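Take a look at the structure set out below.
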Amino acid sequence: MSDHEYTPKSNFGKWFNDRLPLLTLANHLTDYPTPKNLNYWWTFGGILTFCLITQIVTGLVLAMHYIAHADMAFDSVEHIMRDVNYGWLIRYIHANGASMFFLAVYIHIFRSLFYGSYKSPREIIWIIGIIIYLLMMAAAFMGYVLPWGQMSFWGATVITNLFSAIPLVGEGIVTWLWGGYSVDNPTLTRFFTLHYLIPFLILGLVVLHIWALHVPGNNNPVGIDIKKPSKDTVPFHPYIVIKDGFALLMFMIVFAFFVFYTPNILGHADNYIEADPLVTPAHIVPEWYLLPFYAILRSVPDKLLGVVAMLSAILILAALPWLDTSKIRSAVFRPIYRQFYWVLVADVLILGYVGAMPAEGLYLLVARVATAYYFLHFLVILPVLGWREKTLPIPLSITEPILGGSPNLATAKKKESLDN
Amino acid sequence: MKNLSKIFFLIILLSGISFTAQTAEKVEYLKTDWSFKGLFGKFDRASLQRGYQVYTEVCSSCHSMKYLSYRNLAEKGGPEFSLEQAKAIAASFEVKDGPNADGEMFTRPGKLSDKFVMPYENVKAAQAANGGAYPPDMSVLVKARGGGVDYIYSLLQGYEDPPADVSLDDGVYYNKYMYGNKIKMSNQLSDGLVEYSDGTNATVEQMSKDVTTFLMWAAEPHLEARHKMGFKAIVYLIILTTLVYFSMKKIWSRVETKI
C-alpha cells in the first residue's frame, strides 16, 4: 500500500479523523491504485458484494413475514407471495438472487484460476474466499429448506444423512443435527436461525477478503507485480467505480429478466408441493449450483468415501496456491495450462450436467471419469505443469504490451498529474 | 466488449444446462396459445371467469384451493368479477364459523374475506372419498408440476382407452400425459358439461384451456403486475446502462486504454 499521509481539510474532519480514521479509510478506498488493464472478469467482485447486500436486505423483509414452523412455513411463503405488498417481488429476488450469487461467484473463482490470482502473495485472500464459498453453500442449502416444500424436506434429509457416513458417531451426529429422529420442526427452526446468521459471517469475511486484497493490491490479466501508484494504475475512483457500475448494470438486466419473466425456472417444481415425509419425490436433486459436487458424491460407490470425495473437491481448492507450482500467474503466458484450464471448465460443466441426471448407466460412468479428472487436474497436472511447462516471455510492465514496448510519455505524465 | 459477450455466453450456457436438466423427461404436450406468456402477457379476463365456473362446477367437488379468498376474484389482474358479483359468489357458500358466545360452531353465508370453502374436512376424509388418492390442492398446482400449464391442459384431454398390454385396477384410469400413465381421477370433462353464460361453446378443449388459465392465475395472482413492472425495470436498466457506458468511455478516455 502506498498511503501517503492523509489529512482532512476541515477542522472537524481533523478532529474526527484523529479519533476514528474513517476519512483516511475513505481516502484509501478512493485513491486505491488499481491496475488499469483489468478486464470485465474483474468486475464480479463488486457484483458479488451487490448480491450479498441484496440477499441480506430482501432476506430481512422475508424474515418479517416468514414463519419457521413445519406446519406454517409453506403457508407463510404463499402468504408472502399473495398478500404481502410486493412480497412476490421480494421473494423472487431472494430466490433468484441465490442463483445469481452463485453464477457470479463461479465466474469470480474461475477468473482467479485463469489469471493465477491465488498465488503468492494472495494466498490468504484466496483461502478466505474459499471459506466464504463454503458458507455460501451452507446458507443456500439451508435457505432452500425454509419454504418446506418436497425438495426442501428431502434435500435436507439427503444432505444431513451424509453425516451418518462418519464411523461410530455418525448416527448420533445426524440425530443431533435434526434435533429428533427425522427432519422435522426442530430442524427447520435451527436451519432458519443459521440461515439468518451465516450471511453476516460472510459479510465479515468479505471485509477481511477486501482488506487482504488491499495489502498487495489487485492481480491483473498480465499477472505481473506492478509499481503502485504508477502509469500502470488508475485510482479506484472514478475509473473502477464506473466500470464496475457498468458491469453491475449489465448483470442486473440478466437478473431482472429471471425475476420478472422466468422466476421459477431455476427452482424445482416439486418445491411447490408441501413437504410430506411419507412421499419421496422421484428424483431428489439439489439446486443447480451444487450439482457438480452432487455428481462427485454419487460417483463413489461407498457412502463415506463419497462424502470424503465431495468435501475434498472443495477443500482441495484451499491448497491450490501450493499445488500450482508455476511461478507465472497469468494463463496468458502459460500456453499448456491455458488448455488444461478450459478442459477443467468443461469437466465441471459436465459434472453439473450428470449431477442432474439419474446416477445410472452412462451418466454414472461419465460422472466417474469427470470426478477422476477433477482430482487429476489439481493433484497431478498442476504440480507437474509448473515444472515442465515452457512459458512465454512476460512483459516488464502493463503499459509495455499495450503500447508496444514504448511507454507513451505524454499519457503517463498526464495520468501522474491526475494522481497527485 | 469481447469479454462481455463471453460472460453472456456463459450465462446462457449455464441457464441452458439447468433448463435441460429439469425438462429431461418431457413428453410432447398439447400446445395452445396462452395469452399470459411473453413479455407483455396478460390473462384473458373472460377465460378466467369461465375457468372459475369450470372450477366451481367440476373441480371443486374434490379439489380444494386453500390459499385463495373470495376477495381475490374481484382483485386487479384476476378474473375481475365486480365486487357485487364476488360478494354474491362468496355468499353462495356455507362457511363454518365460531365458536359463538355460547361456545357453539355455526354456519353462515361466505364473505369476501373467507378462504375458498374446502370440499373435505381434512386430507383423510378426501382420501377416503377418493379411493385412497388425495386430490391435490389446486392453489399452486401449475407451479408444482414440471410441465406447468401445458401439462395440466394436456392431462385434462389425455384420457384414452388403455393399450392392450396395460391392465388397470378399479378406479384407475389411463392418461397418456400422466407420469406412469395411471391416474386415479376419471375423465371429468365432456362437451357441453357446463353452460357458459357468455355463450362460448363449452368443448372439452375450451374448458381445459379456461380452467388451466384460471389455475395459472391462482398460482401466480400477481403475474400481470410482474410482467408490467419487469418491462419498466428492464427498460430503465437499459437506459441507465447506456448512459453509464458513455460516461465510462468519457472517463477512461483520459488514460487512453481500451476498456
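Taking 7 Å along the Cα-to-C-beta vector as the label spot, tell me the A:His237-B:Lys66 distance in nanometres, rounded to one decimal.
It works out to 5.3 nm between the two label points.
What value, in deg cm²/dmol to 500, does the helix sum -39500 (n - 2.57) over DSSP H runs of n ≥ 4 give at 222 nm once divided by the residues of chain B?
-13500 deg cm²/dmol
What value, in deg cm²/dmol to 500, does the helix sum -39500 (n - 2.57) over DSSP H runs of n ≥ 4 give at 222 nm once divided by the residues of chain A?
-20500 deg cm²/dmol
Rounding to the nearest 20 debye, state how big the charge dipole of chain B is about its Cα centre with +1 on each Lys and Arg Cβ and -1 on each Asp and Glu Cβ.
2040
Work out the mean other chain Cβ neighbour count within 10 Å for the residues of A:243-254 and drop it here as an integer.
Mean inter-chain Cβ contacts per residue within 10 Å come to 6.
If I compute solvent accessible area with a 1.4 Å probe over the protein chains, what percent of it on the protein assembly as shown is carbon and sulfur?
Answer for the protein assembly as shown: carbon and sulfur cover 65 percent of the accessible area.
Where the only charges are on Cβ atoms (+1 Lys, Arg; -1 Asp, Glu), what is the dipole of the protein assembly as shown about its Cα centre, to the nearest 20 debye?
With Lys and Arg at +1 and Asp and Glu at -1, about 3580 debye.
Hey, with R₀ at 30 Å, roughly what FRET efficiency would A:Leu25 and A:Leu135 work out to, going by the Cβ-Cβ distance, to 0.05?
Efficiency, from the Cβ-Cβ distance: 0.75.
Which is farthest toward the positive dipole end of chain A among A:Leu38, A:Ser120, A:Val234, measuring Cα position about the Cα centre, with Cβ charges +1 (Lys, Arg) and -1 (Asp, Glu)?
After comparing all options, I get A:Val234.
Between rounded, prolate and oblate, where does segment B:83-124 land on the alpha carbon gyration tensor, with a ≥ b ≥ c its root eigenvalues, rounded for a/c under 1.5, else prolate if a/b exceeds b/c?
Cα axes put segment B:83-124 in the oblate bin.
Mind running the shape call on the protein assembly as shown? Use the C-alpha gyration tensor, a ≥ b ≥ c as the square roots of the eigenvalues: rounded below 1.5 for a/c, prolate if a/b tops b/c, oblate otherwise.
prolate
Full-extension gain between A:Leu379 and A:Ile166, please, as 0.36 nm times their residue separation minus the C-alpha to C-alpha distance.
Stretched out fully, the A:Leu379 to A:Ile166 stretch lengthens by 74.2 nm.
When we measure straight from the Cα of A:Lys390, which lysines land under 18 angstrom away, once same-chain ones fewer than 8 places off are left out?
Candidates past the 8-residue exclusion: A:Lys327.
What is the spin-label model distance, in nm, from A:Ala346 to A:His65 if the labels are put 7 Å beyond Cα along the C-beta direction?
According to this spin-label approximation, the distance is 4.6 nm.
Under a 5 Å amide H to amide H cut-off, with H placed in plane at 1.01 Å, what residues pair with A:Thr233 once short-range neighbours are removed?
A:Lys36
If I fit a long axis through the Cα atoms of helix A:150-161 and take the longest principal axis of the Cα atoms of chain A, what angle between them do I get, 0 to 90°, rounded to 10?
Taking the Cα atoms of chain A, the angle to A:150-161 is about 80 degrees.
Within segment A:269-293, list the residues whose amide N lies under 12 Å from a label point set 7 Å along Cα→Cβ of A:Ala359.
A:284-286, A:293
For B:Lys31, which lysines qualify as cross-link partners when the Cα separation must be under 23 Å and same-chain residues fewer than eight apart are set aside?
The reachable lysines, counting only those whose Cα sits under 23 Å from B:Lys31, are B:Lys42, B:Lys143, B:Lys176, B:Lys182, B:Lys209.
For B:Phe231 and B:Arg45 in one chain, what is 0.36 nm times their gap in residues minus the Cα-Cα distance, to one decimal in nm?
Once the chain is fully extended between B:Phe231 and B:Arg45, it gains 64.9 nm.
With a 1.4 Å probe and all protein chains kept in place, how much accessible area does B:Glu121 have, in Å² rounded to the nearest 10?
In the full protein context, B:Glu121 sits at about 150 Å².
Return the average number of partner chain Cβ atoms within 10 angstrom of each residue Cβ along peptide B:69-75.
The per-residue average across the peptide is 1.
Helix B:45-57 sits at what angle to the longest principal axis of chain B, using alpha carbons and giving 0 to 90 degrees rounded to 10?
For B:45-57 against chain B, the angle is about 30 degrees.
Evaluate the relative contact order of chain A (contact order divided by residue number), counting alpha-carbon pairs under 8 angstrom at least 6 apart; express in whole percent.
Relative contact order of chain A: 22 percent.
Please give the helix A:87-115 orientation as an angle from the longest Cα principal axis of chain A, in degrees from 0 to 90, rounded to the nearest 10.
That helix lies at roughly 50 degrees to the long axis.
Quick check: Cα centre of segment B:198-242 to Cα centre of segment A:110-126, how many Å?
When both Cα centres are located, 46 Å separates them.
Could you work out the longest stretch of chain A that avoids the trypsin sites (Lys or Arg not before Pro) located in DSSP loops with at most 14 other Cβ atoms within 10 Å?
For trypsin sites (Lys or Arg not before Pro) (loop position, at most 14 other Cβ atoms within 10 Å), the longest site-free span of chain A is A:10-226.
Once each part is reduced to its C-alpha centroid, what is the distance from segment A:12-87 to segment B:77-152 in angstrom?
40
Given points 7 Å out from each Cα along the Cα-Cβ axis, report the B:Glu205 to A:Ile210 separation in nanometres with one decimal.
6.0
The values are calculated or read from the model by the stated rules, or taken from the named source; none is laboratory data. Keep in mind it's a predicted model, so treat the numbers as computed, not measured. As a convention, Cβ positions derive from the backbone with ideal geometry for all residues, glycine included, and neighbour counts pool all protein chains shown. Please note that ligands, DNA and RNA were not included when accessible areas were found on the heavy atoms of the full protein model with its side chains. Shrake-Rupley method; radii C 1.70, N 1.55, O 1.52, S 1.80 Å.
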